[in-house]
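For reference, the structure is listed below as C-alpha cells.
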Amino acid sequence: MKNKKRSSNEMSKLEKNSGAKRQKQSVELDLICPITHELPFDPVHAEDGSLYERQAIEEYFVTTTKSEGKVRSPVKGVMIGTSIFAAPHIKNTIEGLISNDVITGDLANKWKERAEEKKYADDLIKDAENGDKHAMFNLGACYYTGEKGFKQDFKQAYKWFKKANAAGCVEGTVMEGECLLKGHGVEKDKDTGLLYLGMAEGQGSDYAAYFIGEYFSREGQGLNKKMLARKMLEKVVNGNYTHKNLNAAGKERANALLDRLKS
C-alpha cells in the first residue's frame, strides 16, 4: 500500500514538473522575436499584432519589397503597414521572468548581456558628454566598429573622435586623422588626415605610425615615401612608442607590410 502511494506521489510530481515545463516553454514562445529568435530587448508590436525586436523589424521593413506602402508580415503573411508600437510593459515582464528564474539558459543569458551593454553605453555616453576625453574616444570607437551594443555610425564616430582630439586625447587625434584620410563620417581630406596622424605619431602613438606606414606603403609614390613607410613600420615592430594601442593582429600586419617593403 505504501509503495502504491509513493508511486502515485511520484507520478503527481512528474506531471506537475512536466506542466511547469510546458508553461515555461509557452511563455518563452510568446515572447521570442520571430526574426531574431531571441527575447527582444527593445520590444515593439507591429500592425500584425506580433512582438518583435525593434531593430529587427525596422530592418525587415527597409529590406522587404513594398506594395503601396505595405509589406508582407514575416509571421502571418498578410499585408501590413510599417508602423510599430513600443511595448515597455513587455520588457518589464521579460526582466521580471528572468530575475525570478522563470526564463533561464541561453535566452536569459543573451538578454542579460544586452542589459549589460545598455548600461555600459549609457554610462559611456554620460561620461563623454561630461567631458571625459577617454570616454569621448571610446564612444567614437564604439560607433566606428558597431560593437558593444552600438550601431555602426561613422558620422557619430567622427564627431566624438574630433571632440576627443580637441580635449587632448592622443587616440582621438589618431582616429580623427584616420577618418579624414579615409572619408569615414566626414569629407575625405588626406592632407589634414596625414597632418593629424603625424601629430599623434610625434606624441608617441604606434597606431598613428602604423596608419602612416600602411598608407605610404600602399599609395606612396617615390623612394622618399617608401622610406618613410618603412621607417614608421620598423618603429612599430620594434615597439618604440609610449602610446601602444596597436593589437597583436595590427603588429602582424605591420610586420607583413615591412617584409614586403624590404623585398
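The values are calculated or read from the model by the stated rules, or taken from the named source; none is laboratory data. None of the values given here were measured: they were computed from a predicted structure. FYI the Cβ positions are ideal-geometry reconstructions off the backbone, even for glycines, and counts take in every protein chain you see. To get the accessible areas, we keep the full protein, side chains included, count just its heavy atoms, and leave off ligands, DNA and RNA. Shrake-Rupley method; radii C 1.70, N 1.55, O 1.52, S 1.80 Å.
Regarding residue 161, is this residue in contact with a Leu (Cβ under 8 Å, 6 or more places away or on another chain) and of a type outside the set (D, E, K, R)?
Working: in contact with a Leu (Cβ under 8 Å, 6 or more places away or on another chain): no; of a type outside the set (D, E, K, R): yes.
No; evaluated as a whole, the condition is false for this residue.
In the set (1) of a type outside the set (Lys, Arg); (2) free of Cβ contacts under 8 Å to residues at least 12 places away in the same chain; (3) surrounded by 21 or more Cβ atoms within 10 Å (Cβ to Cβ), residue 249 fails one condition alone, (3). Per the conditions (1) surrounded by fewer than 18 Cβ atoms within 10 Å (Cβ to Cβ); (2) touching a residue at least 24 places away in the same chain (Cβ under 8 Å); (3) within 24 Å of residue 137 (Cβ to Cβ); (4) of a type outside the set (A, V, I, L, M), the sole criterion not satisfied by residue 234 is (3). For segment 125-139, the candidate set comprises residues that are closer than 10 Å to residue 163 by Cα and among the small types (Gly, Ala, Ser); within that set, the residue that is most open to solvent (accessible area, probe 1.4 Å) is 131.
Residue-wise test of (1) over 30 Å from residue 263 (Cα atoms); (2) small (Gly, Ala, Ser); (3) at pLDDT 95 or above.
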| position | (1), (2), (3) |
| --- | --- |
| 160 | yes, no, yes |
| 165 | yes, no, yes |
| 174 | no, no, yes |
| 177 | no, yes, yes |
| 201 | no, no, yes |
| 213 | no, yes, no |
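Do we have any residue at all in segment 93-109 that's under 20 Å from the mean Cα position of the chain (by Cα), of a type in the set (A, V, I, L, M, F, W, C) and under 11 Å from residue 39 (Cβ atoms)?
Residues of segment 93-109 under 20 Å from the mean Cα position of the chain (by Cα): 106-109.
Narrowing the set further to residues that are of a type in the set (A, V, I, L, M, F, W, C) leaves 107-108.
Next cut, under 11 Å from residue 39 (Cβ atoms) only: 107-108.
Yes: segment 93-109 contains one or more residues that are under 20 Å from the mean Cα position of the chain (by Cα), of a type in the set (A, V, I, L, M, F, W, C) and under 11 Å from residue 39 (Cβ atoms).
Just one of (1) of a type outside the set (Val, Ile, Thr); (2) touching a helix residue (DSSP H, G or I) at 6+ places or on another chain (Cβ under 7 Å); (3) surrounded by fewer than 18 Cβ atoms within 10 Å (Cβ to Cβ) fails for residue 218. It is (2).
Among residues that are out of contact with any Pro (no Cβ under 9 Å at 6 or more places or on another chain), free of Cβ contacts under 8 Å to residues at least 60 places away in the same chain and not in a helix (DSSP H, G or I), residue 165 is not included. Exactly one residue out of 93, 65 is open to solvent by 60 Å² or more (accessible area, probe 1.4 Å), out of contact with any strand residue (DSSP E or B) (no Cβ under 6 Å at 6 or more places or on another chain) and without any contact (Cβ under 8 Å) to a residue 12 or more places away in the chain, and it is 65.
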